[in-house]
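The values are calculated or read from the model by the stated rules, or taken from the named source; none is laboratory data. Keep in mind the model is a prediction, meaning the values are calculated, not measured. Reconstructed Cβ throughout: ideal geometry from the backbone, glycine too, with neighbour counts over all protein chains shown. Quick note on the areas: whole protein, heavy atoms, side chains included, nothing else; ligands and nucleic acids left out. Shrake-Rupley method; radii C 1.70, N 1.55, O 1.52, S 1.80 Å.
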Amino acid sequence: MAVVMAADYSMAGPPKKWTLQECIDYAIANNISLQQSELSKRSAEEDVKQAKSELMPTLNFSTNHAVGYRPWVNSGVSTVTNGTVATSVNKTYYGSYGINANWTVWNGNKNRNNLKLNKLAAQQSELSLAETANSIQEQIAQLYVQILYLNEAVEANRMSYEASLKNESKGREMVKLGKMSKADLAQLTSQTAQDNYNIVEAKSNIAKYKLQLKQLLELTDSEEFDIYIPAASDADALEEIPSLTSVYEAALSTRPEIKNSQLAIQSSELNIAVAKADRLPSISLSGSVGTSSTSMNSNKWGKQIQTNFDASVGATLSVPILDNRSAKTAVNKAKLQREQSLLDLKDKQKQLYSTIEGFWVDAYTNQQKFKAAKASVESEQASYELLSEQFNLGLKNIVELMTGKANLMNATQDMLESKYMTILDRQLLKFYKGEPLSI
């Protein structure tokens, strides 16, 4: 998958409310791990181009120029240099020019199989990039949902805090009237303080998750980071959960980690063919043209170049006989790698099923918890309202009131947690089925 640059969301202005899709788009464009994977993919594409060029002949031009110096050659003694007889020559200038070509015609299809291997490697690099992108999307979704859950938990704690303030205020009136002890009032004050602490703690956790999400997006500016809070209704948590079988079957045909393992098996098959090619003969063609010149020749440079011109064409047949078992070892190791690739695919399929099964079990369990917790909240809310009325009339004591309030808060927290975990797990199941994440 190609990495594209997203819009600059960190421009000056009011704090932006990031949607889940905006977070995903920005991370795909800017996450460092994804950029590193993109570079690996591009490097693999260069290897493909190089492997294609290996099928073509090589051609090079060479030239050589030299000066010979013999200051003490005896007079009358002849020397032969570059096919020319000279006597008592101190300096001689030489020049040669040549064009050489080589082409491997056949080497057991080794070069063509190497090209196929590099093409598979490029595909695997692209799938690895997709794996990294999927992993980052899952992390973003998990952090995003945690923030949504805690945001609603803050509201629940704030309502509890406001109720505690009313109870504390009512308790002060009852102390003045002599209907409540100061010890009981202290318990109400303690409950108010605890509810306020719960609000602060939930906000602190939201800030931590926002920081983690911001780091995942590679946002390094100092501006405030915030997310858009969608209206997640109870109906979202009660939607039908995809069946485990349908998700797994779809994932087997779409998930990049499975495709990557399947390509690894194909690569291992090609590696066996490449190793076997070392046992086969190879045929190559070669050709060259060249000429030379020297200062000891009375002809001009152009005439010498014409006169000394020569050309040659040749064919080479190479037959391996004894190679110290290197070819056999390479073949055996390639076969072992194929077995390893088959096991890796089975392991990836097992891991995929385990992951999907975990999401499905969590989604189903949390949905059932949500249904039970929702009924429990309604019951505890009605019970607490009745306890509050009875407490105001002096019919219930402080312990009963605080117990009823604690039960209501526990049921509310259970309902919110199971609600958002159901939404998250259900979305992850759809994501593994090939659908985009959306909350």
(message) Here are the criteria: (1) part of a helix (DSSP H, G or I); (2) open to solvent by less than 60 Å² (accessible area, probe 1.4 Å). Tell me which single one K259 does not satisfy.
(response) (2)
(message) What pairs come out if I take residues in the stretch 35-61 that are among the charged types (D, E, K, R) and pair them with residues that are not in a helix (DSSP H, G or I) whose C-beta lies under 6 Å away, six or more apart or interchain?
(response) E38/V3
(request) Mind listing just one residue for me: the one in the stretch 376-411 that is assigned to a loop (DSSP other than H, G, I, E, B) and not hydrophobic (A, V, I, L, M, F, W, C) and, of those, surrounded by the most Cβ atoms within 10 Å (Cβ to Cβ)? (result) K396
(request) Could you tell me whether D310 is surrounded by fewer than 13 Cβ atoms within 10 Å (Cβ to Cβ) and under 43 Å from the mean Cα position of the chain (by Cα)? (result) no
(request) Any chance you could count how many residues in the stretch 412-437 are closer than 22 Å to Q368 by Cα, surrounded by fewer than 20 Cβ atoms within 10 Å (Cβ to Cβ) and touching a Lys or Arg at 6+ places or on another chain (Cβ under 9 Å)? (result) 2
(request) Search the stretch 195-227 for residues being over 25 Å from the mean Cα position of the chain (by Cα), of a type outside the set (D, E, K, R) and open to solvent by 90 Å² or more (accessible area, probe 1.4 Å), and hand back the single one that is farthest from L34 (Cα to Cα). (result) Y197
(request) Could you tell me which residue of the stretch 13-32 is farthest from the chain's Cα centre (by Cα), considering only residues that are open to solvent by 50 Å² or more (accessible area, probe 1.4 Å) and at pLDDT 90 or above? (result) K17
(request) Show the residue pairs that are 6+ apart or on different chains and have beta-carbon atoms under 6 Å apart, the first residue being within the stretch 380-407 and closer than 13 Å to K170 by Cβ and modelled with pLDDT of 85 or more, the second being assigned to a helix (DSSP H, G or I) and of a type in the set (G, A, S). (result) L387/G404
(request) With respect to K348, determine if the residue is surrounded by fewer than 16 Cβ atoms within 10 Å (Cβ to Cβ) and within 30 Å of E131 (Cβ to Cβ). (result) no
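Kindly provide the set of residues from the stretch 133-150 that are in contact (Cβ under 8 Å) with a residue 40 or more places away in the chain, surrounded by fewer than 19 Cβ atoms within 10 Å (Cβ to Cβ) and of a type in the set (S, T, N, Q), ordered by number. Steps first, answer last, please.
Kept after step one, since they are in contact (Cβ under 8 Å) with a residue 40 or more places away in the chain, are these residues of the stretch 133-150: 133-134, 136-150.
Filter once more, keeping what is surrounded by fewer than 19 Cβ atoms within 10 Å (Cβ to Cβ): 134, 138-139, 142.
Result: N134, Q139, Q142.
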(request) Return only the number of the condition from (1) part of a loop (DSSP other than H, G, I, E, B); (2) modelled with pLDDT of 90 or more; (3) open to solvent by less than 100 Å² (accessible area, probe 1.4 Å); (4) not basic (K, R) that V89 does not satisfy. (result) (2)
(request) Considering (1) touching a residue at least 60 places away in the same chain (Cβ under 8 Å); (2) loosely packed, with under 13 Cβ neighbours inside 10 Å; (3) closer than 28 Å to T422 by Cα, say which one S233 fails and leave the rest. (result) (1)
(message) Just the residues that are surrounded by 15 or more Cβ atoms within 10 Å (Cβ to Cβ) and part of a helix (DSSP H, G or I), please, taken from the stretch 176-186.
(response) D184, L185
(message) Against the conditions (1) surrounded by 13 or more Cβ atoms within 10 Å (Cβ to Cβ); (2) modelled with pLDDT under 95, where does K303 fall short? Just the number, please.
(response) (1)
(message) Go through the stretch 213-249 and report how many residues are assigned to a loop (DSSP other than H, G, I, E, B) and among the small types (G, A, S).
(response) 5
(request) Go through S181, S128 for me and flag whichever is out of contact with any Gly (no Cβ under 9 Å at 6 or more places or on another chain) and under 30 Å from S40 (Cβ atoms). (result) S128
